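Derivation of every value follows stated rules applied to the coordinates shown; laboratory data play no part. Please read these numbers as outputs of a predicted model, since none were measured by experiment. Note: ideal-geometry Cβ built from the backbone for every residue, glycine included; neighbour counts use all protein chains shown.
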Amino acid sequence: MKAKQSCQTLIVLAAAIAVAAPSRAQLDGSVWPQFRANNEKSGAVAAAAPALNHAWTITNIGIPAPGGLSVAANGDIYYKSMDDDGCYVYRLNPVDGSILAQSVNLGGVNGSYSGVAVGVSRIYTTIYTSAGNTSIKVLDKSTLAVLATITNPAFQGLRGTPLLGTALNNAGHRNLYVVDRDAVMLHAVDSVNGNLMWSRSLPAAGLFGAVGPMWEDGNGRQVIAHFGNAPFFGGSAIRDNGDNTSTELWMGGPDSFNWWGSGAMSADGQRIYVTTFNDGDVAPLWAINKDNGNILWRVPGFRGDPTREMNFFARPSVIGNRIYCGGGNGVVACYRDDISSATLLWEYRDLADEHTCISAVKAPDNKTYIYAVKQGLTLSPARGVLIVLRDDGNSVTKLLETDLNGTMLPSIWSISSCTVDGDGGLYIGGGDPRTTGVGPAAIYKFAPGGGYRLSIRGACPGLVTIEWSGAPPRQQQGLLFARSTGNQIIPPGNPCAGTVLGLGGNQLRLVDPPGFFSTGNSGSGAFNGQASSGACGGFLQLIQGGSCALSNVVQVP
């Protein structure tokens, strides 16, 4: 097996052990039925991982609104677009990204910062056009036909994905909870008949109007938390009494700017983690007692020090006692909740742009993988970037960094969503909803590595057959050879720079023939080659030239 085109000497990263626990599903049984995965807003799921393989890109769609993407129990992907020509809801096929249904123009403008809450037979989203001209849209889950438009004189400016409750009201129905940013209120609306059940003033409203987490108290009554933008005590917890009344249980929470308005519940359901900006050198991560709003601990922000600064823009993701945060200076940080304090276990910092979306996955291999998406606006050229990390206990390994060869659109305001389905597929939205008219938009899917498979048959030295499957069709791929396995990173200045290979040593080569070659019309195929004695016992791996996705590693027999 002849080889040429030697790559540069690469960097080796160490691996260790990850610990965590899976999250819970809600609503129609999906792992991600509304913003931040579930009612606990954990931003985490249990699924196959890591998703390193670029499966597809679709571009004939509208720009996703900041509420991101939601997944139904059958795997269908839902989202609402947000552009100057109005808003549409889409239902996508997770297999190939094809549009299964599209709603009529629902109206609204760029302030319609809502995703889609997926119920059993209906879906819900908010529309904002101007102060007082705002509503909740109820759509058929399959056809996306508009079933109802819920309005009320009390509604001034609804924002954020509606939160679909779990407890029943006095009519035997579940309530929707939605933030009114203009009126600075939380509204409870009957999800069946659209009646306004109650409204409650908030101490402050979040820019994007999300609400949560949500839980039931000891008497089966719904409790909803919200965290807004205020220098002091911008959070509150409100109990739905189930009888058209509500009770404010507490006012408290962090003392800073909360971008989304929501936090994430701890795994034991006793505390809420809230990320904020570190303006004024305040803490960027807070643990809040869910019963009284007291601050249990906070972490330093190190304002102005780019080598240590923590300034968190993304909602946290929570698995077990670990909290994953992302923000400015290209930071992803992992904290451990030690009950009365927090320990920074590791940080990833590349000093490039801002991570505005973080999602975590607990995989069947008992390891935790973190997906972080860069906003992309401060990069040159502007583009989105996906970072895939593995939690190795007290350290972290970067498995993938890709902007799809500069083609990934910026994913501002967490429109990226980093949504993960039950099979471990990762969905990222791209586009800038502030642009005039219908700007360019895209949604990208990445899939776990098990789909892109390499195998070898034959005996070395001698004739061998190389086979591959599960690749995107009609893409270029290269066959790499090394004397050992490892975690070598392709260095800057090379195609797919930053990709962590499954190969090791300093003798990495591109095998030629075949060099770079097509995945074929079906994404599978085979070729024969003559393996020399120098190849025996070595290792092979495929890499796709466009997405930089990797196959499994096989040993030459």
Query raised in the report: So between ALA131 and SER455, what do we pick up on full extension, going 0.36 nm a residue minus the alpha carbon distance?
Result: 110.6 nm
Query raised in the report: Which parts of the range 231-248 would a label at ASP291 reach, counting a residue when its backbone N lies under 14 Å from a point 7 Å out along Cα-to-Cβ?
Result: none
**Report entry** Cα shape, the range 121-227, gyration tensor, a/c 1.5 rule
**Finding:** oblate
Requested in this report: Apply 1/(1 + (r/R0)^6) to the Cβ-Cβ distance of ASP85 and SER142, taking R0 = 25 Å, and write down the FRET efficiency to the nearest 0.05.
Outcome: 0.50
Query - Virtual spin-label span in nm between ALA171 and THR485, 7 Å along Cα→Cβ - result: 5.9
Requested in this report: Among DSSP beta bridges lying fully in the range 44-450, give the percent that are antiparallel, nearest 5.
Outcome: 95
Report task. Compare the peptides 186-193, 299-306, 370-377 by average per-residue count of other Cβ atoms within 10 angstrom and give them in order, highest first. Result -> 370-377, 186-193, 299-306
**Report entry** Gyration tensor verdict on the range 68-188 (Cα atoms; rounded if a/c is under 1.5, prolate if a/b is larger than b/c, oblate otherwise)
**Finding:** oblate
Query raised in the report: the chain: percent of C-alpha pairs farther apart than 30 Å?
Result: 49
**Report entry** Contact order relative to length of the chain, as percent, for alpha carbon pairs under 8 angstrom and 6 or more apart
**Finding:** 16
Requested in this report: For the range 158-175, take each phi angle, set θ = phi - 60°, evaluate the Karplus expression 6.51 cos²θ - 1.76 cosθ + 1.60, and give the result in whole Hz per residue in order, putting x for glycine and proline.
Outcome: 6, 9, x, 5, x, 9, 8, x, 10, 7, 8, 8, 6, 9, x, 10, 8, 8
Report summary line: Sorted on mean Cβ neighbours within 10 Å (highest first), peptides 44-52, 341-349 come out as 44-52, 341-349
Report task. Name the residue farthest towards the positive end of the dipole of the range 44-450 from the options ASN169, ALA264, ALA55, assuming +1 on Cβ of Lys and Arg, -1 on Cβ of Asp and Glu, about the Cα centre. Result -> ASN169
Query raised in the report: Near LYS141, which aspartates and glutamates are there with a Cα under 13 Å away, not counting those fewer than 8 places off in the same chain?
Result: ASP28, ASP76
Requested in this report: Can you grab the distance from the C-alpha centre of the range 205-279 to the C-alpha centre of the range 481-538, Å, no decimals?
Outcome: 50
